[in-house]
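For reference, the structure is listed below as structure tokens.
The values are calculated or read from the model by the stated rules, or taken from the named source; none is laboratory data. The shown structure was predicted, so the numbers you read here are calculated from the model rather than taken from an experiment. Every residue, glycine among them, receives a Cβ derived from its backbone with ideal geometry; neighbour counts consider all protein chains shown. Ligands, DNA and RNA are stripped out before the accessible areas are found, and what is left, the full protein with its side chains, is counted by its heavy atoms. Shrake-Rupley method; radii C 1.70, N 1.55, O 1.52, S 1.80 Å.
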Amino acid sequence: MNRFRLSLSFSFAFAAAFLFAFKLPGAGFWGPVLMLGGLIFLHEGGHFLAAKWMGMPVEVFSLGFGPRLFGFKWRETDVRLSLLPLGGYVKLAGFNPEEPGADDPYGFLQQPFGKRMLFYSGGILANLATTLVLFAAVGIHQARVTKVQETWTVVELVPGGAAEQGGLKVGDELRGIGDLSFPGAEWEAAVAYIQAHPDQPVPFRLTRDGKAMEFPLTPRAEGGKGRLGFMPLPVATPLAFRPFQAGDLLTGGRYAVETSWRLTGQVFSFLKRLVTFQAKSAEVAGPIGIIKQGSRAAKHGWETFLFMCAAISLQLAILNALPIPALDGGHMALLAFEKARRKDLTIELKEKILTGGFLLLASLMALVIFLDLMKLRK
């Protein structure tokens, strides 16, 4: 059954979906590759550390799936890089009841309920810790800023969205939205202004090819809020910083918690629209999309890139915690169900449940990759 503990392997596709929904800055090529590889390592490292802390033997720690390319032996663990870079996994001794070693008293299946739950939650906890650390770094950086002049440029439009149909173009530099002006206003205030005016013309002031322009855009009403369908990024400007102060740590921590809470709400809001078929295909991106978004973030500075890394790490934590068979949350749900009924499910039934989850995730993965490829053709 170890082959069905997918953790991140398919979660990256779903995590990328929220980049459009959040209007997050998106990520050159090596930047996002290192980001995804790092998040895989940290997630699986969480499982690995949880297992080692509880004294469970770890047979394999792998980045990637499929045939082993190269690696090394660390105590009893084969640390390896595998051929298919779709995720990673940690294989424990005694994890699969059909393999030799299932009766190992230190193996996974012989461990009590609490230890097995902690192992499955290890990757989720690692993602949450990564999120808080990265957001705190961004918050500390922002706390030290003494002078900032921030304008915004349009980097992506949702095909067929209200912004595209209203005349907005990629490369437009925004100077004002309604009664808000840039630089000066916070982007969160602009988002709130747009959402508060569904089906109402909103004046846009911008610069296009060096020429000042002004025209209205009418947000479409979706879920009672106005939506235009475009992604902006801040235009890089010189900043002045004061020296680091001890109080910046508290400011960064508060920023990390508040930002994580806000984005968590957006994740569940998007999930609700997804399961009720209100989300649009243009809002969904897969692995190709995440590379494209990551390229942009890498070009706009480390702060933007770290923010994106933290946001994706948070999304991975939430998605892996969902009770979907074959992901960590699905395994935890099965364990909890068995604990409640005081009797394990049969191996055959578990295999069917986990196989069903695997096929569902594989189908969704194929769908988002297909949508990515269709967008590249446009």
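Does GLY123 qualify as being within 30 Å of GLU338 (Cα to Cα) and buried (at least 19 other Cβ atoms within 10 Å of the Cβ)?
Numbers: within 30 Å of GLU338 (Cα to Cα): yes; buried (at least 19 other Cβ atoms within 10 Å of the Cβ): yes.
Criteria met by GLY123.
Under the condition of being in a strand (DSSP E or B) and either at pLDDT 70 or above or within 10 Å of GLU59 (Cβ to Cβ) (or both), the residues counted in the range 86-109 number 6.
Among all residues of the range 70-84, there is at least one that is of a type in the set (Ser, Thr, Tyr) and modelled with pLDDT of 85 or more. Annotation for the range 48-62: no member residue is of a type outside the set (Ser, Thr, Tyr), over 20 Å from GLN111 (Cα atoms) and open to solvent by less than 70 Å² (accessible area, probe 1.4 Å). Please tell me if ALA246 is open to solvent by less than 50 Å² (accessible area, probe 1.4 Å) and at pLDDT 90 or above. Spelling it out, it is not the case that ALA246 is open to solvent by less than 50 Å² (accessible area, probe 1.4 Å) and at pLDDT 90 or above. If you take the residues of the range 326-347 that are open to solvent by less than 40 Å² (accessible area, probe 1.4 Å) and outside any helix (DSSP H, G or I), which of them is farthest from VAL90 (Cα to Cα)? In this case the residue turns out to be LEU345. Applying the criterion of being over 19 Å from the mean Cα position of the chain (by Cα) and either closer than 15 Å to GLY184 by Cα or open to solvent by 30 Å² or more (accessible area, probe 1.4 Å) (or both) to the residues of the range 129-142, the residue that is modelled with the highest pLDDT is ILE140. Screening LYS211 with (1) open to solvent by less than 70 Å² (accessible area, probe 1.4 Å); (2) more than 28 Å from the chain's Cα centre (by Cα) gives one miss only, at (1).
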